[in-house]
Amino acid sequence: MRPEVALPVLLPLLSGAISLLFWRSRPMQRFIAVAGNVALLVVSLWLFVATLSDGYITMQMGNWPAPFGITLVADMLSAVMVLLTGIIGLAMGIYSLATTGRGHEKFGYYPLMHLLLAGVAGAFLTGDIFNLYVWFEVMLVASFALLTLGGERAQMEGAIKYVTLNLLASVIFLTAVGLLYGTLGTLNMADIALRLDVAEHTGMVEVLAVMFMVAFGIKAAAFPLFFWLPASYHTPSVAVSALFAGLLTKVGVYSLFRVFTLMFDQTMGYLQDIMLWGAVFTMVTGVLGAAAQHEFRRILSFHIVSQIGYMILGLALYTPLAIAGGAFAIMHNIVVKTNLFLISGITHRLQGTYQLKKMGGLYRERPWLAVAFFISAFSLAGIPPLSGFFAKFVLVRAGLEAGAYVATGFALAVGLMTLYSMVKIWNEVFWKALPEDNLVPSSQTPVGDDGRLVKPSLWMMYLPVGVLALMSLLIGLFAEPVMNVMTAIGDQLTTPSGYIEAVLGASVSPEGALASPGEIQAEETENGSEDLP
Amino acid sequence: MEPLMALAIGLLYATAVFMMLRRSIVKLVIGLLLLSNAANLLIFTTAGMTRGAPPLIPEGLQQPLGEVADPLPQAVVLTAIVIAFGVLAFAVVLIRRAYEIVKADDLDKMKETDT
């Protein structure tokens, strides 16, 4: 019984439910939004520390033994992702207090936010492939509602594309799960991994692997399946954009990492080239798309796509170092990308627009905001000593070691192009003087999402931005301990036997509490594998 | 039974994709609906269809006698149906709102947010 694995899922669900009970009480919902997310951060820290010492933490829901019930598993990758969910959740909780209009709050903004976090944490922690689908849907339904909250024309148009393509991905995922169950007769991911190793190869396994790759590729916004993302991510209110940008696509990337390192590791030889070139094209198209844009959030949306390419590159190279680099890229990107969106929200609050041409002069007016943007933007481009540099450094080194020179070359070139886009934003928003024809001078009282004048409670917006910028800086300055964690992730993912033992081994033993856990686990796994057909 | 089901499922997938490729948003949602139904039927069929053998354990025994139907895909399908129902209900509301705002049942008129 390890409650820390279940709590990151249960707590946001609970906060969401309590928040729903206070449907009419805006102050109460706002209080729960912060308190619930603080609690989520605390339990995710607990889970992270516990995983750091134990390696794997499993919990069988309802005490059903492993391949039959639903398993919750945390390995290093899950724990890091859940920790980041907690951090981003709290940042968003605080930031939303200042940016969410009353109209949005009345229609359930905060309960939906909690539900979304529950879905994300559930997807990171589940060890059951159908359960992963369910958490995906929990997350998606919440994100649909958040995306359309407000009901402007752009939101509707973006939402139709977002909903259609994500549902299509879900159906492909569900179809693959159905076929997988028909082929192997199990839904537990560790059990699937075991049975796939001994299953006869009829071509079905390859088909399934490709179906999972396409389904998660759509969700992760990889080339050529990313078109829903730049069409929709700049339409909702900025806190929602930031939350989506930070977490949603990363759930797709996480699932790719999980499925292709655990279950379909033997098909990697077959899919590696496709994935590698997919990653390269994702990086290049994303960054080129961003270069053509002149709207703050659209540029950032295309950069999400571009950065997804780096993460998938880590998976495609498929060495422990490359996977560590991919995980580093995920972690760094969640922090930095969320922060850039948050900064775009502050500049919108100050100048009333996202159009770069109409903005300007913020370096003189808000030097600290400029510093926060500078840190995040240069970190995204991979300038030392910020967090992005080390993510890219590890990936490039892994790429050179694996002999993938072309892909590595593209990764470096895309870094330069990222710098171009970031410098473009820097020049237009912070450096140049405010254009005289800007109708919204920065001294005017800022306007909320629903068009009403709001109190300028900017400190609630500055606080998360400052903390996240500091995190990016600290990850860069103290890269070694972070890299140790990432190396552990790389090792764990490339040796799936540890995960399988942790899930299937511990559950077979009701009397396991008496002896030392290490010996029992080894014994039980032997027994477990004999039982298999 | 399985070949018939396979044909029906294939037809459903094909119809769904055809509907989704039309320009009308109403047909788009009908396509999504057919698609999720096709996936549900597929899960039901691939797990093997057993006729008239409910997975019940007779009193006093530890396991069922003879071959019984696999209850797990049925539970999975049930969950998937509920999820699809919720999501499609949302999609129907979404297209209604979109129609009210855009005043057209045409995806080609909804390209403002594209680049």
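Where a number appears in this text, it was derived from the coordinates with a stated rule and is not lab data. In this text, all values refer to a predicted model and were calculated from it rather than measured experimentally. Here the Cβ positions follow ideal geometry from the backbone for every residue, glycine too, while neighbour counts run over all protein chains shown.
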What are the extents of the Cα atoms of chain B along their three principal axes, in Å, largest first? 66, 28, 23
On a straight-distance basis, which lysines could pair with A:Lys219 in a cross-link, Cα separation under 24 angstrom, same-chain partners fewer than 8 positions away excluded? A:Lys161, A:Lys250, A:Lys337, A:Lys392, B:Lys27, B:Lys111
Can you work out the Karplus-derived ³J(HN,Hα) for every residue in the range A:271-284? Use 6.51 cos²θ - 1.76 cosθ + 1.60 with θ = phi - 60°, whole Hz, and x for glycine or proline. 9, 4, 5, 4, 5, 4, 6, x, 5, 4, 5, 4, 4, 6
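When Cβ neighbours within 10 Å are restricted to other protein chains, what is their mean count per residue of peptide B:67-77?
Working: counts 0, 0, 0, 3, 0, 6, 6, 0, 1, 8, 2.
Mean shielding by partner chains, rounded to a whole number: 2.
State the dimensionless ratio Rg/Rh of the range A:107-245 (Rg: radius of gyration of Cα atoms; Rh: Kirkwood radius). Mind showing how you got there, number by number?
Details: Rg = 16.7 Å, Rh = 16.1 Å.
So for the range A:107-245, dividing Rg by the Kirkwood Rh gives 1.04.
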10 °C / 1.306 mPa s Stokes-Einstein diffusion coefficient of the range A:275-426, Kirkwood radius on C-alpha pairs, µm²/s: 103
Table column - 3J(HN,Hα) (Hz), the range A:332-337, Karplus curve with 6.51, -1.76, 1.60, x for Gly and Pro: 4, 5, 4, 5, 6, 5
If you line up the long axis of helix A:189-198 against the longest principal axis of chain A, both from Cα atoms, how many degrees apart are they, to the nearest 10? 50
What is the sum of charges, Lys and Arg at +1 and Asp and Glu at -1, for the other residues whose Cβ falls under 15 Å from the Cβ of A:Ala381? +3
In order through the range A:17-27: 3J(HN,Hα) via Karplus (6.51 cos²θ - 1.76 cosθ + 1.60), integer Hz, x for Gly, Pro: 5, 5, 4, 5, 4, 9, 4, 8, 9, 5, x
Looking only at lysines whose Cα falls under 25 Å of A:Lys106's and that sit 8 or more positions away or on another chain, we get A:Lys455
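Dipole size in debye (nearest 20) for the protein assembly as shown around its Cα centre, Lys and Arg Cβ +1, Asp and Glu Cβ -1?
Details: 35 positive and 42 negative charges, 691 e Å.
The calculated dipole for the protein assembly as shown is roughly 3320 debye.
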Along the charge dipole of chain A, which of A:Gly326, A:Ala169, A:His104 sits closest to the positive end, that is, farthest toward it, with unit charges on the beta carbon of Lys, Arg, Asp and Glu (+1, +1, -1, -1)? A:His104
Within a 10 angstrom radius of each residue's Cβ in B:79-89, how many Cβ atoms of other chains show up on average? Whole number is fine. 4
For A:Asp128, what residues show an amide H to amide H distance below 5 Å, using hydrogens built from the backbone and excluding near sequence neighbours? A:Thr71, A:Met189
What do you get when you divide the Cα radius of gyration of the range A:283-341 by 2.2 N^0.38 Å, with N the number of residues? 1.18
Give the separation of the Cα centroids, the range A:248-286 to the range B:52-115, in Å. 27
Under 8 Å for C-alpha pairs, at least 6 residues apart: give me the relative contact order for the range A:305-413, rounded to a whole percent. 32
Calculated from DSSP H runs of 4 or more alone, at -39500 (n - 2.57) each and per residue, what is the 222 nm mean residue ellipticity of chain A, nearest 500? -24000 deg cm²/dmol
Checking a compactness column here: for the range A:381-421, what do you get for Rg(Cα) / (2.2 N^0.38 Å), N being the number of residues? 1.12
Please report A:Ile32, B:Ile101, A:Ile323 as a ranked list, fewest other C-beta atoms within 10 angstrom at the top and most at the bottom. B:Ile101, A:Ile32, A:Ile323
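Mind ordering A:68-78, A:350-360 by average Cβ neighbours within 10 Å, highest first? Could you put the intermediate results ahead of the total?
Working: A:68-78: 23.2, A:350-360: 19.5.
Going from most to least packed, we get A:68-78, A:350-360.
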Once every Cα of the range A:29-116 carries one equal point scatterer and solvent is ignored, give the base-10 log of I(q)/I(0) from the Debye formula at q = 0.17, 0.20, 0.25 Å⁻¹, two decimals. -0.77, -0.90, -1.11
State which stretch of chain A is the longest one without any exposed GluC sites (Glu not before Pro), exposure meaning a DSSP loop state and at most 10 other Cβ atoms within 10 Å. A:201-435
By the scheme Lys and Arg +1, Asp and Glu -1, what is the net charge of all other residues having a beta-carbon under 13 Å from that of A:Ile308? +3
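Grab the alpha carbons of the range A:71-162, take their convex hull, and tell me the volume per residue in Å³.
In the range A:71-162, the Cα convex hull volume per residue is 95 Å³.
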Looking at the P(r) of the protein assembly as shown, how many percent of alpha-carbon pairs lie beyond 32 Å? 48
Magnitude of the Cβ-charge dipole of the range A:1-115, K/R +1 and D/E -1, about the Cα centre, nearest 20 debye? 580
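Beta carbons within 10 angstrom, averaged per residue: use that to sort the peptides A:468-479, A:382-393, highest first.
Values: A:468-479: 19.2, A:382-393: 22.6.
The peptides rank, most packed first, as A:382-393, A:468-479.
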Rounded to the nearest 10 degrees, what's the angle between the helix A:296-317 long axis and the longest principal axis of chain A, both from Cα atoms, 0 to 90? 20
Taking the Cα centre of the protein assembly as shown as the origin and placing charges on Cβ (Lys, Arg +1; Asp, Glu -1), which of B:Met19, A:Gly269, A:Phe478 is farthest toward the positive end of the dipole? B:Met19
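Take A:Leu504, B:Leu28, B:Leu94 and order them by how many other Cβ atoms sit within 10 Å, fewest up front. Before the final figure, lay out the partial values.
Numbers: A:Leu504 28, B:Leu28 21, B:Leu94 24.
So the residues, fewest neighbours to most, are B:Leu28, B:Leu94, A:Leu504.
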Counting other chain Cβ atoms within 10 Å of each Cβ in B:92-99 and taking the mean gives 4
Helix A:367-381 versus the longest principal axis of chain A: what is the Cα-based angle in degrees, 0 to 90, to the nearest 10? 40
5 Å is the cut-off here: which amide hydrogens, built 1.01 Å from N in the peptide plane, fall below it relative to A:Thr186, excluding neighbours closer than 5 in sequence? none
Mean Kyte hydropathy of 0.0 or more with a Cα span along the axis of at least 30 Å, helices from DSSP in chain B: B:25-46, B:71-102
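Roughly what percent of Cα-Cα pairs across the range B:48-115 reach past 20 Å?
60
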